[in-house]
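Student: Below are the C-alpha cells for one structure; questions will follow.
Bear in mind that the values in this text are calculations on the coordinates, not laboratory data. Note that the structure is predicted; figures quoted are calculated from it, not measured. Cβ placement follows ideal geometry from the backbone for every residue including glycine, while neighbour counts extend to all protein chains displayed.
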Amino acid sequence: MMYDEGELLKPELQRNYVWTKLEASRFIDSILLGLPVPSIFFAKVEDEKKLIIDGYQRIMTVYDFVKGVFSGNNQSFKLSNSEAINKRWRNKTFVELTEDEQIRIRATTIHAIIFEQKQPRNDSGMYQIFERINTGGKTLKSQEIRNCIYQGDMNSILIELNKEEIWRKILQNDKLDSRMLDIELILRFFSISHLYSNTPDTHTINLTNYLNWYMSDKKNMNEGQIKKLTQIFIDTMNQVFEIFNDLSFRKPTNINRKIKVNPVIFDAVSVATLRVIENKLELASKEAILDRYGKLFLDEEFIDMISKRTTNIDNIIGRINKVYVDVYGGKI
C-alpha cells in the first residue's frame, strides 16, 4: 500500500485519527454497499511523494480495517454492531468478511486529486487552491493551509515553539489551538521582525501573502539558523513576560486580563522587545515601563497605528518604534 511504502506523507501537524468506531464503520459499510466515496486531495512534493491534504481519516479507516487494528483505540477493528450498519457485516472484522467482500474493499477506487505547482516555484497557487478546499465542512484557516503546504524547518520550529511553557503562560492557555492561531502568532513574530529589518519597497503588505512568503523562504535552514531563531523567540517571550506578565500583548485598559492576545499589539511589543535584547538596552524599572505602556494607549498617533491601515508599512514600523522609544526608552 502507498501509505506503508512511504509514498503518502501525513502533514506534520495533521490532526490525529478522530473518527469514532461508528463513523469508521459507516464508511466501510458505504464501500461494501458500493456507494460513491468523496475524492481525496494530495500535493505532489519532492521525490514524487504525495502529501495528504484532505482525506486522512478515510485513508486510515480503510488501512486500519484491512490491517485489523482501529487507530481510535488500538483494538481489534470490528464493524459496529449497530442498526446503522448492514446486518450482513455487523460486528465483523475484515478477515471475517467473505472473499468477495474483502476483494470489494481492496479493489475500491477512491478518486484522488493531485496538485503540483511548477511555476512560479513558490507554492502560491497551491495555497490558493487549498484555501478553497472545504470537503470536511469546515473552511481551513490560513495557518492550517501553511502547515500542509510549507512542510520544512520553519513549520517544525513553529510547532515546537508553540509548546514552550513561557508561550503558553503568555497565552494563558495550556491547550493548543486546534485551528493553529497560536502558531500563526509565532510566525507573525518572525515575519514582522524580518520586515522591520528589511523594509519592502511598497506602501502596504498583504499579510497573508507575506506570511506565506516568509514560511516558504525558511523551509530549509541549517542547524545554526534553527537554533538562533528558536532562542530569539524564547528570549523575547521571557523578557516580555518578566515585565508585563498577564498584560503581555494586551491593552492595559482590559479589566479582564484573560482576554486573547491582540495580534497587532503582539507585533509591536514583540519586535520592539527583540530590539531591546539585540541592542542590550538598559531598561528603567518595571513599574516605570508599565506606566509608560499605559500612557502609550492614550497617544492618538499610536491608537491610529494599531487600529487603522494596520498593514501599512509606515504603521507597522511606526508602532514598533513607538513601543521601543516611548515604552522602553530606546532611540531610533
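Student: Given R₀ = 41 Å, FRET efficiency for Y17-R292 by Cβ-Cβ distance, to 0.05?
Tutor: With R0 = 41 Å, the Cβ-Cβ based efficiency is 0.25.
Student: Between R179 and A284, how high is the FRET efficiency from 1/(1 + (r/R0)^6) when r is the Cβ-Cβ distance and R₀ = 45 Å? Nearest 0.05.
Tutor: According to the calculation, E is roughly 0.70.
Student: Percentage of Cα-Cα pair distances in region 142-327 greater than 22 Å, rounded to whole percent?
Tutor: 45 percent
Student: Also, I was wondering about something else. Return, for the Cα atoms of the chain, the radius of gyration and Dmax in Å, separated by a comma.
Tutor: 24.7, 78
Student: Against the empirical 2.2 N^0.38 Å scaling, what ratio does the C-alpha Rg of region 8-116 come to?
Tutor: Working it through for region 8-116, the quotient is 1.11.
Student: Starting from the Cα of K175, draw a straight line to each of the lysines and keep only those under 20 Å, dropping any in the same chain fewer than 8 residues away.
Tutor: Leaving aside lysines fewer than 8 places away in the same chain, those within reach of K175 are K141, K163, K258, K260.
Student: Which aspartates and glutamates does K286 reach when only Cα atoms under 16 Å apart count, and residues fewer than 8 places away in its own chain are ignored?
Tutor: E242, D246, D326
Student: May I pose another question? Taking other Cβ within 10 Å of each residue's Cβ, how do V325, V240 sort, fewest first?
Tutor: V325, V240
Student: Of N86, L51, I183, which is farthest towards the positive pole of the chain's charge dipole, taken about the Cα centre with +1 and -1 on the beta-carbons of Lys, Arg and Asp, Glu respectively?
Tutor: N86
Student: May I pose another question? Lysine pairs in region 8-116 with Cα distance under 26 Å, only those 8 or more apart or on different chains: how many are there?
Tutor: Lysine pair count for region 8-116: 17.
Student: Please find the FRET efficiency linking H111 to T253, where r is the Cβ-Cβ separation and R0 is fixed at 41 Å, and quote it to the nearest 0.05.
Tutor: 0.15
Student: As a test of understanding, state the convex hull volume per residue of region 138-252 from its alpha carbons, in Å³.
Tutor: Per residue, the Cα convex hull of region 138-252 comes to 129 Å³.
Student: To make sure I understand the rule: partners must be aspartates and glutamates, Cα under 12 Å from the Cα of K331, and not fewer than 8 residues away in the same chain. Which ones qualify?
Tutor: Partners within reach: E282.
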